Amino acid sequence: MRVNNYSALNKVIYDDFRNKQSRLIESINKSVYKKPNSLSLDSLSIESGKLILESQKKLASIGKNAEEFVAKDNVLDLRKGTYYKLKTSSNTTAILTVGDGGNVYMPFSELGLGDNFTLPPSDYGEINKIRRLITSLAEDGSAFEVRTGGFKHNEILDMLGKVGIKPGWFEVKSESKTNKFYLVDNGLIYPEYQAEAERRYFTKANLFKSGFTKDSVFIIEGKEYKLNENGSLDIPEGVCCLIDNMKIIK
């Protein structure tokens, strides 16, 4: 009873995928300058810690004038050139902005973050994943890039939660483009067109032929549905009807 996961144009999307995948951090974790052998490992560690603290303080200062990177009513509006702030798991204030087509990145050069700027590797990794996820959703309405981008389902739930997106319908807007998706409780993301295709299937198919009866119960988004006289379900538009968010009592 499943509808095919991807449309034919996903082949084209995949061909372009690798070229987009890594536009992030223009200077990945700047290495601490190592002076001659007169410096001990302890000295390097102390110097690295000082640089990290200074970098975090600078980002926090810049963040005072930045907007929160958060969705409103499950709609994330990405405005080109706007500075946004987002707290990492280690409480570092990340500064993000938006380029063409909804490309989200950390603007190192624009913020004047020089060679001495450095953050813990965990911060760079977290910032990179969040910016890749949001950029993929802004650029690709099929969610194909998200599904093939190496994200774990629990990571998707966690990262979208950080920007205020909860399971259910959500939108990512950039410039004149809006992509609508459905986030399932298990972390899977479906494009609107696929969710609608599955809803139409259940409203037209004769499920009596598949062994269901008039007593079968289909629980969708907390509401119970039963088969009509034609063996199909009367599911209104706007209700996300997916096998992954449906409970069936046959």
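Structural remarks
- Per-region count, segment 151-199, residues over 23 Å from residue 86 (Cβ atoms) and hydrophobic (A, V, I, L, M, F, W, C): 4
- Residues of segment 202-221 satisfying the condition of being farther than 23 Å from residue 170 by Cβ, open to solvent by 30 Å² or more (accessible area, probe 1.4 Å) and either within 32 Å of the chain's Cα centre (by Cα) or not polar (S, T, N, Q) (or both): 203, 204, 208, 209, 211, 214, 215
- Pair list, Cβ under 6 Å, 6 or more apart: segment 56-85 residue of a type in the set (D, E, K, R), other residue surrounded by 17 or more Cβ atoms within 10 Å (Cβ to Cβ) and outside any strand (DSSP E or B): 85/63; 85/66
- Looking across segment 81-102 at every residue that is open to solvent by 70 Å² or more (accessible area, probe 1.4 Å) and modelled with pLDDT under 95, the one that is nearest to residue 55 (Cα to Cα) is identified as 91.
- Residues of segment 205-250 classified as among the hydrophobic types (A, V, I, L, M, F, W, C) and in a loop (DSSP other than H, G, I, E, B), total: 9
- Close pairs from segment 157-172: first in contact (Cβ under 8 Å) with a residue 12 or more places away in the chain, partner among the β-branched types (Val, Ile, Thr) and surrounded by fewer than 16 Cβ atoms within 10 Å (Cβ to Cβ), Cβ under 6 Å, at least 6 apart: 163/70; 164/70; 171/75; 171/178
- Checking residue 224 against (1) out of contact with any Asp or Glu (no Cβ under 8 Å at 6 or more places or on another chain); (2) among the acidic types (Asp, Glu); (3) open to solvent by less than 10 Å² (accessible area, probe 1.4 Å), the condition it does not meet: (3)
- Lone qualifier among 186, 154 - being within 12 Å of the chain's Cα centre (by Cα) and polar (S, T, N, Q): 154
The values are calculated or read from the model by the stated rules, or taken from the named source; none is laboratory data. Bear in mind that the values here come from a model prediction, so they are computed numbers and not experimental data. Every residue, glycine among them, receives a Cβ derived from its backbone with ideal geometry; neighbour counts consider all protein chains shown. What goes into the accessible areas is simple: the full protein's heavy atoms, side chains included, and nothing from ligands, DNA or RNA. Shrake-Rupley method; radii C 1.70, N 1.55, O 1.52, S 1.80 Å.
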